[in-house]
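Participant: Have a look at the structure that comes next, please.
The values are calculated or read from the model by the stated rules, or taken from the named source; none is laboratory data. This structure is a prediction, so every number in the text was calculated from the model and none was measured. In this analysis, Cβ positions are derived from the backbone assuming ideal geometry, glycine residues included, and neighbour counts consider all displayed protein chains. We work out accessible area using only protein heavy atoms, side chains counted, and drop any ligands, DNA or RNA first. Shrake-Rupley method; radii C 1.70, N 1.55, O 1.52, S 1.80 Å.
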Amino acid sequence: MFPYKGYTGKWLHVNLTTGRVEPRPTDPALAEAYLGGNGWGTHWLWDHVGPDVGPLDPDNLLVLAAGPLVGTLVPNGCRMEAIARSPLTGIYGDANAGGFFGPELKFAGWDAVVVTGQAPAPVYLAIADDRAELRPAGDLWGRTTSQTEQDIRRSRAWGDRQVKVATIGPAGENLVRFASIQVTSQRSLGRCGLGAVMGSKRLKAVAVRGTGSVSIARPARFHDLAVELHQRIRANPIYAAVSAHGTPGIVSLMDPLGRFPTKNFQYGSFEHVDRLSVEALQDRALVRHLGCFGCPICCDKLYGLTDGDHAGTALHSVEYETLNAMGANILNTDLDAVLAANRLCDELGMDTISAGRVISFAMELWDKEILNRDDTGGLALPWGDAGLMLQLLDQIAHRQGFGNLLAEGVRRMAETIGRGADEYAMHVKGMEIAAQDGRAQKSMGLAHATSSRGADHLKAFPVIDETGYPDEARRRYGEAYLPEMAQPLATKYKPLLVKDGEDFGAVVDSVGMCKSGGTFVLAEVYWPDVAAALEAATGMDMPVAQLQRAGERIYNLQRCYNARVGITRADDRLPHRFTHEPSPSGNARGHVVELEPMLDEYYHLRGWDPVTGWPTIAKLRELDLEEASPWTPT
């Protein structure tokens, strides 16, 4: 009998090669040490996917996991994790999505689904409570994500339209290295190319319907905690703005800071930023506000275009990142085309961040005459061409023409093209950099370098120094760390901010809460709140120090996995543009990222070897990770 509530106590193992689908009991020790979600996926990846298993090999795992707080009353208890070795980076990879799939998986009675092998022909996995089976999907292969979801919900999954679906589109089928997995409703497991892992396994979709509930160890105590957290979030001074605008609301905030990447990160401000602002977006296309399961903020929106060249376009979840990737970073001022590109990426199953970055990279190479028509299949690649952007997105997803090269991501593009192209490839460890410029926010520069999945803003997610306001920093870290902790251009204390964010973020991703829903954005939910919620939900003893140790354990094991596949300190680096070219924009004018001193302090705080950047044996022993020690210095 599994001793803890909050969990279902079992997970589903799927071997696509043999066609076997079987339940397996959850090990209580796994729950205690790795919590769930992200932590479980990290542990399983370490145990079962060695350096000899390539990202697109059948033996790579694909883990879909929900944490113990998913499907409960806590604010935003809806997030799910996908984990695999990444086809884009070749290292540890994960992606996170909200919406309704994670809670539905819990309601069906499963903590996780772990997929291995390769099906001989396309299949999808159908789950309804205790029933789980593989079904043919040959006629779904080639369809878009919305077509697949509609077909499954309408006629295939036991006739229940409440089924929630995780599916790939043509990009995943064609092994685009930044293919996404789209989950109900129009949410994206976007980064790291895990849709290509799914495609390599010939798994078109996972459909789940659950009619159960999540058991709570101390219902009254948990109810009171959840209500308190909801109330605190709603009382936060920036709650109204975040709720009304979502992430597009920060477009106009980031631009004057020099933190809104423009023209493939050559600039940090866009002269036509008003055309991509939240005011322009909502005036043009807002239909209504939406929210994920259990969310008091409802930062998601439904948008639609009723006229113009892209009339009929309707979509959820237009984010700051996409407004930048499909807008300023390619010098595109056509907001309607940005929305059309967003929808096209969702339909084809592609990460909008990486998709936009490969296009901006190609445009810069064209501008610098490194690329010519012989390289591009006859295409000219001028800045700001919205029609070209949409054409390239379709080519990428179907690996046609020049799109076949773009589908490889900027690192492989640069390696293939040569001729000095690598200087303009904006990535870390193969992951395209999201819409932040570390020259304008030094903590974010460090976070991009140290993220366990390659360039990423969401691992450490250092939001409290984005705009230079001290209130969140004071509440979370105390007066002693001010003013530098809250100053975007200061480097002092930023290694501490990044380390703490990475460890706390690993916990948030493991229990199933949302980083934009109070834990990082708004900064209302912190270590003591998550520890109390876990204790009340599960009945597990979880002092704050033990929870912090769990977060540190998870992040260190991710680093050990990366060390095992060859990552060292030499890979914790930023593009030349960030460290040697002073920003020409906004408040960041004249600044570069002073990376090496921050890395030295970061490694010291982590207890990692300063030469290799690997966790020391002493640190691994402290975290009960001795099994990882063969891949660290002796």
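Participant: Charges at C-beta only: +1 for Lys and Arg, -1 for Asp and Glu. How large is the resulting dipole of the chain about its Cα centre, in Debye rounded to 20? Write down the numbers at each step before the final one.
Facilitator: Numbers: 63 positive and 77 negative charges, 212 e Å.
Roughly 1020 debye for the chain.
Participant: Now, a different point. Count the DSSP beta bridges whose two residues both fall in the chain, then state the antiparallel fraction as a percent rounded to the nearest 5. Provide the component values of the computation, followed by the final result.
Facilitator: Working: 47 of 58 bridges.
Among the beta bridges of the chain, antiparallel pairing accounts for roughly 80 percent.
Participant: Could you rank Met1, Met254 by how accessible they are, 1.4 Å probe, largest area first? Don't skip to the answer; put the middle values down first.
Facilitator: Working: Met1 220, Met254 0 Å².
Final ranking, largest accessible area leading: Met1, Met254.
Participant: Another question, then. Write down the Å³ per residue value for the convex hull defined by the alpha carbon atoms of the stretch 93-165.
Facilitator: Working: hull volume 8.9 nm³, N = 73.
Here the figure is 121 Å³ per residue.
Participant: At 15 Å minimum axial length over the Cα atoms and a Kyte-Doolittle cut of -0.5, report the qualifying DSSP H helices in the chain, or say none.
Facilitator: Those that clear 15 Å and a mean of -0.5 are 219-235, 335-348, 352-367, 386-398, 494-511, 527-538.
Participant: Cross-link list Lys429/Lys499; Lys494/Lys515; Lys10/Lys499; Lys442/Lys499; Lys204/Lys429; Lys263/Lys492: which exceed 21 angstrom alpha carbon to alpha carbon? Before the final figure, lay out the partial values.
Facilitator: Working: Lys429/Lys499 19 Å; Lys494/Lys515 19 Å; Lys10/Lys499 32 Å; Lys442/Lys499 14 Å; Lys204/Lys429 28 Å; Lys263/Lys492 30 Å.
The pairs that break the limit, which is 21 Å between Cα atoms, are Lys10/Lys499; Lys204/Lys429; Lys263/Lys492.
Participant: Please report the base-10 log of the normalised intensity I(q)/I(0) for the stretch 498-621, using a Debye sum with one equal scatterer per alpha carbon and no solvent, at each q in 0.09, 0.13, 0.15, 0.22 (1/Å).
Facilitator: Treating every Cα as an identical point scatterer, log10 I(q)/I(0) equals -0.35, -0.69, -0.86, -1.20.
Participant: With the Cα gyration tensor of the stretch 388-456 giving a ≥ b ≥ c as the square roots of its eigenvalues, does the rule (a/c under 1.5 for rounded; else a/b larger than b/c for prolate; else oblate) give rounded, prolate or oblate? Walk me through the numbers on the way to the answer.
Facilitator: Working: a/c = 2.37, a/b = 1.87, b/c = 1.27.
Note, shape of the stretch 388-456 comes out prolate.
Participant: What relative contact order, as a whole-number percentage, does the chain give when Cα pairs under 8 Å and 6 or more residues apart are counted?
Facilitator: On the way: 1534 pairs, mean separation 98.0, N = 634.
Over the chain, the number comes to 15 percent.
Participant: From the helices alone, meaning DSSP H stretches of at least four residues, give me the mean residue ellipticity at 222 nm for the chain, per-run term -39500 (n - 2.57), in deg cm²/dmol to the nearest 500.
Facilitator: Numbers: 25 runs with 235 residues, N = 634.
Helix contribution divided over all residues of the chain: -10500 deg cm²/dmol.
Participant: Expected output is a single nm value to one decimal: the length gained when fully extending between Asp59 and Asp283, i.e. 0.36 nm times separation in residues minus the C-alpha distance. What is it?
Facilitator: Numbers: separation 224, 0.36 × 224 = 80.64 nm, distance 4.87 nm.
Once the chain is fully extended between Asp59 and Asp283, it gains 75.8 nm.
Participant: Need one number: the % of Cα-Cα pairs in the stretch 569-634 sitting beyond the 17 Å mark.
Facilitator: It works out to 53 percent of all Cα pairs.
Participant: Order of 474-485, 257-268, 297-308 by packing, highest average Cβ count within 10 Å first?
Facilitator: On the way: 474-485: 14.6, 257-268: 24.4, 297-308: 18.0.
Per-residue Cβ counts within 10 Å, averaged per peptide and sorted highest first, yield 257-268, 297-308, 474-485.
Participant: Now for a separate question. Compute, for the stretch 212-275, the length of the dipole vector about the Cα centre, with Cβ point charges of +1 (Lys, Arg) and -1 (Asp, Glu) only. Units Debye, rounded to 20. The partial results should precede the final answer.
Facilitator: Working: 7 positive and 5 negative charges, 45 e Å.
Using Cβ point charges on Lys, Arg, Asp and Glu, the stretch 212-275 gives about 220 debye.
Participant: What is the log10 of I(q)/I(0) for the stretch 152-250, computed with the Debye formula using one identical point scatterer on each Cα and no solvent, at q = 0.12, 0.16 Å⁻¹?
Facilitator: For the stretch 152-250 at q = 0.12, 0.16 Å⁻¹, log10 I(q)/I(0) is -0.70, -0.93.
Participant: Note down the nm distance, to one decimal, between modelled labels 7 Å out along Cα→Cβ at His604 and at Ala311.
Facilitator: 6.4
Participant: Which log10 I(q)/I(0) values does the stretch 200-343 give at q = 0.16, 0.17, 0.21 Å⁻¹ under the Debye formula, counting every alpha carbon as one identical point scatterer?
Facilitator: Per q value, in the given order, log10 I(q)/I(0) is -0.93, -0.98, -1.19.
Participant: Equivalent ellipsoid semi-axes for the stretch 48-121, as square roots of 5 times the alpha carbon gyration tensor eigenvalues: give them largest first, rounded to whole Å.
Facilitator: On the way: eigenvalues 142, 37, 17 Å².
In descending order the semi-axes read 27, 14, 9 Å.
Participant: What ratio of Cα Rg to 2.2 N^0.38 Å holds for the stretch 499-555? If you can, show how the numbers build up before the last one.
Facilitator: Values: Rg = 10.4 Å, N = 57, 2.2 N^0.38 = 10.2 Å.
My calculation over the Cα atoms of the stretch 499-555 gives 1.01.
Participant: Another question, if that's okay. Would you mind classifying the stretch 220-295 by shape? Square roots of the alpha carbon gyration tensor eigenvalues, ordered a ≥ b ≥ c; an a/c under 1.5 is rounded, otherwise it is prolate if a/b is larger than b/c and oblate if not.
Facilitator: Working: a/c = 3.31, a/b = 2.13, b/c = 1.55.
Note, shape of the stretch 220-295 comes out prolate.
Participant: How are the alpha carbon pair distances in the stretch 452-546 distributed across 10 Å bins from zero to the largest one, expressed in percent?
Facilitator: Going out from 0 Å in 10 Å bins, the stretch 452-546 shows 15, 48, 29, 7, 0 percent.
Participant: Just how far, in whole angstrom, is the stretch 309-373 from the stretch 447-478 if you go by their alpha carbon centroids?
Facilitator: Distance between centres, Cα-based: 26 Å.
Participant: Return, for the Cα atoms of the stretch 532-603, the radius of gyration and Dmax in Å, separated by a comma.
Facilitator: Looking at the stretch 532-603, its Cα Rg and Dmax stand at 18.9, 54 Å.
Participant: Test of understanding: express the Cα radius of gyration of the chain as a ratio to 2.2 N^0.38 Å, with N the residue count. Walk me through the numbers before you get to the answer.
Facilitator: Details: Rg = 22.6 Å, N = 634, 2.2 N^0.38 = 25.5 Å.
Cα Rg divided by the expected 2.2 N^0.38 Å: 0.89.
Participant: Note down, for the stretch 1-126, the three equivalent ellipsoid semi-axes (square root of 5 times each alpha carbon gyration tensor eigenvalue), biggest first, whole angstrom.
Facilitator: Numbers: eigenvalues 110, 51, 43 Å².
One finds semi-axes of 23, 16, 15 Å for the stretch 1-126.
Participant: Once you wrap a convex hull around the alpha carbon atoms of the stretch 195-249, what is its projected area averaged over all directions, in nm²?
Facilitator: Numbers: hull surface 30.4 nm².
With the hull built on Cα positions only, its mean projection is 7.6 nm².
Participant: How big, on average over all directions, is the shadow cast by the Cα convex hull of the stretch 268-376, in nm²? Intermediate results must be reported in sequence, preceding the final value.
Facilitator: On the way: hull surface 33.9 nm².
Projected area, direction-averaged: 8.5 nm².
Participant: Taking the square root of 5 times each eigenvalue of the Cα gyration tensor, what semi-axes in Å does the equivalent ellipsoid of the stretch 88-224 have, largest first? Write down the numbers at each step before the final one.
Facilitator: Values: eigenvalues 135, 69, 34 Å².
Each semi-axis is √(5λ); the values are 26, 19, 13 Å.
Participant: Order these peptides, 493-502, 192-201, 19-28, by their mean beta-carbon neighbour count within 10 angstrom, highest first. Please list the in-between numbers first.
Facilitator: Numbers: 493-502: 23.1, 192-201: 29.8, 19-28: 13.5.
Going from most to least packed, we get 192-201, 493-502, 19-28.
Participant: In addition: What's the FRET efficiency of Glu423 with Asp471 using the Cβ-Cβ distance as r and R₀ = 45 Å, to the nearest 0.05?
Facilitator: Working: r = 40 Å, r/R0 = 0.89.
That gives a FRET efficiency of 0.65.
Participant: What's the FRET efficiency of Glu22 with Arg589 using the Cβ-Cβ distance as r and R₀ = 56 Å, to the nearest 0.05? Spell out each step's value before the answer.
Facilitator: Numbers: r = 60 Å, r/R0 = 1.06.
The computed FRET efficiency comes out at 0.40.
Participant: Something else: Based on the mean of other beta carbon atoms within 10 Å per residue, what is the order of 245-253, 398-406, most packed first? Kindly include the intermediate steps, with their values, before the conclusion.
Facilitator: On the way: 245-253: 21.0, 398-406: 19.1.
Those peptides, ordered most packed to least, come out 245-253, 398-406.
Participant: What's the long-distance tail for the stretch 304-452, i.e. % of Cα pairs beyond 18 Å? Don't jump to the answer; show the numbers that get you there.
Facilitator: Details: 6237 of 11026 pairs.
In whole percent, the long-distance tail amounts to 57.
Participant: Would you be so kind as to identify which of Ala536, Pro136, His230 lies farthest towards the positive end of the dipole of the chain, taking Lys and Arg as +1 and Asp and Glu as -1 on Cβ and the Cα centre as origin?
Facilitator: Farthest along the dipole direction, towards plus: Pro136.
Participant: To continue, here is another question. Magnitude of the Cβ-charge dipole of the stretch 494-592, K/R +1 and D/E -1, about the Cα centre, nearest 20 debye?
Facilitator: On the way: 11 positive and 12 negative charges, 111 e Å.
Dipole of the stretch 494-592, to the nearest 20 debye: 540 debye.
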